[in-house]
Amino acid sequence: MNLLRNTTKNASRGRLTMDEGKVKHIGHLAQIRVYLGKMFRMFIYQKDWKLLPMAAIIAGAVAFVTGNSMFVTMEGTMQGSLALSCVCLWNGFFNSIQVVCRERAVIKREHRAGMHVSSYVLSHVIYQACLCVLQVVITIIVCTFAKYAFPTQGIMTPWFMTDFAISMFLITFAADMLSLFISCFVKSTTAAMTVMPFLLIFQLIFSGSLFPLGTNAKMISDLTVTKWGMNSICAESRYNDQPMVSVWNQIYSVRSLEFDGVKPVEIVTEYLEQNHLVDEFTKVTAQAARVEDYNSTAKNVSKCWSMLVSMSLVFMAAAVISLEFVDKDKR
């Protein structure tokens, strides 16, 4: 079936048929409509909708682990932001890692028949954006059921949930576009699935949250989706205004230590507890853990959003360029 010849729709079966041997190439917009229709039919009839319950399961697992401390303490917000960024990465990567390379032979044939690569890729971009929106909505619903202590005030908008949803979408979409580029670049689904774990590991290592990064590594970190995604979520969550409880927990865990018959740590912890100074102590210790990139300012959040949008556009352009050479595929 050649989607790029003069065609008429079979409405009852949702497919396209060729006019009696007449060859007439259709325009860019018409091709986008054709491919979009194909993708949405595949979503229903080939059960691509299974990506949505998978997103709910992953979000549920993360919410179960991070729900008690996310948006409450510095440590919890840091861990939760990384976990949610990983959820977005996972969703984005799996959405499109195989969508192009699995039908490369068909694309090659249709490209020679008049398919515009830009129209084909743009149809995928639109479809993937819709899929990302659904996954973000599902993730937020799961987090709400997990009773996350969501802030109320937003930074870019009056509502935190709006800012949070936009950040989650941009992270998912940027990861999706990176994965779409890989799918356009590689020549088989095996190669695509081989590359994907390396992409995930790269994103985690250079996120800046798991390991301290040197000057050169920080330059690489600027090229990762996870860094800008985490920065955005932490800034919106007001990370720098939250208490740090790890120091208190560590001190409290060794309060029974005894030196020459004296328990100095216990004396300190009892004094803080009896004078209701524990909260003040956690706020003071939090000053040492403040991160400038997590300042809750519109400048910080807008920078993160701009970087994620820029990455998505670069990946889209790279996908189109790499697929333009499909005719040279010798396989």
Once Lys and Arg are counted +1 and Asp and Glu -1 for all other residues with Cβ under 10 Å from that of ASP241, the total becomes +3
For the residue pair HIS28 and LYS283, what label-to-label distance in nm results when each label sits 7 Å from Cα along the Cα-to-beta-carbon direction?
5.7 nm
Given only helices, namely DSSP H runs of n ≥ 4 each adding -39500 (n - 2.57), what is the per-residue ellipticity at 222 nm of the chain, to the nearest 500 deg cm²/dmol?
-21000 deg cm²/dmol
The chain: DSSP helices with Cα axial extent of at least 30 Å and average Kyte-Doolittle hydropathy no lower than 1.0
117-145, 160-185, 298-323
Considering only Cα-Cα distances, which of the following residue pairs are longer than 24 Å: LYS187/LYS227; LYS38/LYS108; LYS38/LYS187; LYS187/LYS218?
LYS187/LYS227; LYS187/LYS218
Across all directions of projection, what mean area in square nanometres is found for the Cα convex hull of region 240-295?
4.1 nm²
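Order these peptides, 123-134, 35-46, 154-165, by their mean beta-carbon neighbour count within 10 angstrom, highest first.
123-134, 154-165, 35-46
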Computed over the chain, the convex hull of the Cα set has an average projected area, in nm², of 21.8 nm²
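Laboratory data are not the source of any read-out in this text; all were calculated from the coordinates shown. Small disclaimer: the values here were computed from a predicted structure and weren't measured. Methodologically, a virtual Cβ is constructed for each residue, glycine included, from the backbone with ideal geometry; neighbour enumeration extends over all protein chains shown.
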